[in-house]
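Here the structure is laid out as C-alpha cells; the discussion comes afterwards.
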C-alpha cells in the first residue's frame, strides 16, 4: 500500500499538472508549444494483457489536440522491476496518444535519483528517464512565488529543508499554505500534514525559525483553524511545560487526521489513548504511518492497542 509521501507527491502533481511540464522544461527538455496541460486516465493496460497503472499521465494540449504526453512516476526507493515496466508505459501511452511521450521520475531522494537517471537498455531502443530529484527542484523563498504554486513550494521545502536559508523557504511555504486554507482547507491540511510527517522534529524547528522571517504560526489562520490558541503557542513558541503539552496535543491531532484519512475513524477509547500519548509515542506513530499496511501497525508503534 502506498504511504503518505507517495500519495502526497501524486496528489500535488494531480492538483497542478502543469508543474511537471515546468520542471521538465527547466532541465532543458524542449516540450511542444501548448495551451493547456491535463491529467488523463493512468490505466495503461488497454493494449497489453497485464494490468499496468502509472502514477499519473498528463498530456499537453493545443486546443483539444494532444501535442505531447508525460508519464509521471513517484519513486521513493530503488526498484529494479520498474526498469521492465517503464518502457512498456511509454510504448502504450505513445500508441494511445500518438504524440511524443516522456517518462518523468520524481523522487525526494538523491540516491534514488541517481539510479533512475541511468538509461534503460531495451536492446533495440534506449529509454532515458527525465528525473526530478532534490537538485532539480528550485528554492521557493518568497511569498509571491509560493502562492503561485503551493505544491512547488512544499516540494522546495522538502528538498532544501536542511540547507542554509531554509527558514525563508519555510516562511514562504507556510504563508502560502495558510492562504490556501481559506480556499481549500482539505488540501491545505494535506500539505501541512505531509511536511509534519516527512520532516518530523525538524519541521517544528523550522516553524520556530519562521518567526524571525515574519510568519507567526501561533497567530496564523492555519493554527487557529486546527489548534486551540494555547496549543498553537505551544507548537510555535515553546514555553516549558505548556509548550510540551501543546506540542503533544498538536502531534496527536495531526496523527489522528492521518489515521482517519488512511484507515477511517477510530473508536473513542483508542482516540482518547492517542490524545494522552507522549511526544515520543506519537513520533513513533508518525514514522510508522508512512509504511503501515494496517491501523494495527500504527497503534502498535504508539503503544495504545
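What follows draws every value from the coordinates through simple rules; no lab data is involved. All values reported here derive from a predicted model rather than from experimental measurement. For neighbour counting, all protein chains shown are included, and Cβ atoms are generated from backbone atoms with ideal geometry for every residue, glycine included.
Rule-of-thumb check for the chain: C-alpha Rg over 2.2 N^0.38 Å?
Details: Rg = 20.8 Å, N = 305, 2.2 N^0.38 = 19.3 Å.
Here the answer is 1.07, to two decimals.
Please sort 153-159, 100-106 by packing, taking for each peptide the average over its residues of neighbouring beta carbons within 10 angstrom, highest first. Kindly include the intermediate steps, with their values, before the conclusion.
Working: 153-159: 24.9, 100-106: 21.7.
Result, highest mean Cβ count within 10 Å first: 153-159, 100-106.
Based on the mean of other Cβ atoms within 10 Å per residue, sort peptides 179-186, 85-92 so the most packed one is first. Display every interim value, and only then the final one.
On the way: 179-186: 14.0, 85-92: 19.4.
Per-residue Cβ counts within 10 Å, averaged per peptide and sorted highest first, yield 85-92, 179-186.
Take the Cβ-Cβ distance between residue 62 and residue 95 as r, set R0 to 22 Å, and report the resulting FRET efficiency rounded to the nearest 0.05.
FRET efficiency, residue 62 to residue 95: 0.65.
When the helix-only estimate is applied to the chain (DSSP H runs of n ≥ 4, each -39,500 (n - 2.57), divided by the residue count), what is the mean residue ellipticity at 222 nm, nearest 500 deg cm²/dmol?
On the way: 15 runs with 167 residues, N = 305.
The helix contribution divided over the chain gives -16500 deg cm²/dmol.
Ranked highest first by average number of other Cβ atoms within 10 Å, how do 119-125, 13-19 line up?
Working: 119-125: 10.3, 13-19: 18.3.
Ranking, from highest mean packing down: 13-19, 119-125.
Quickly work out the residue 40-to-residue 185 label distance, labels modelled 7 Å from Cα along the C-beta direction, and quote it in nm with one decimal.
Spacing of the two 7 Å Cα→Cβ label points: 3.7 nm.
For the range 4-136, what is the per residue volume of the convex hull drawn over the alpha-carbon atoms, in cubic angstrom? Walk me through the numbers before you get to the answer.
Values: hull volume 14.8 nm³, N = 133.
Here the figure is 111 Å³ per residue.
Run the numbers on the chain and let me know its relative contact order in percent, using alpha-carbon pairs under 8 Å that are six or more apart. Please list the in-between numbers first.
Values: 460 pairs, mean separation 34.3, N = 305.
After rounding, I find 11 percent.
Starting from the Cα of residue 209, step 7 Å along the direction of its Cβ; do the same at residue 122; then give the gap between the two resulting points in nm.
4.4
How far is helix 279-288 tilted off the main Cα axis of the chain, in degrees rounded to 10, range 0 to 90?
Between the helix axis and the principal axis of the chain, the angle is about 10 degrees.
Say R0 is 35 Å: what FRET efficiency, to the nearest 0.05, do residue 6 and residue 221 get from their beta-carbon distance?
Working: r = 29 Å, r/R0 = 0.83.
Computed FRET efficiency for residue 6 and residue 221: 0.75.
If you fit an axis through the alpha-carbon atoms of helix 150-160 and take the longest principal axis of the Cα set of the chain, what angle between them do you get, 0 to 90°, nearest 10?
Result, in degrees: 80.
Pairs of alpha-carbon atoms within less than 8 angstrom and 6+ residues apart define the contacts here; what relative contact order does the range 4-136 have, in percent?
The normalised contact order for the range 4-136 reaches 19 percent.
What angle, in degrees between 0 and 90 and rounded to the nearest 10, separates the Cα long axis of helix 166-183 from the longest principal axis of the Cα atoms of the chain?
90
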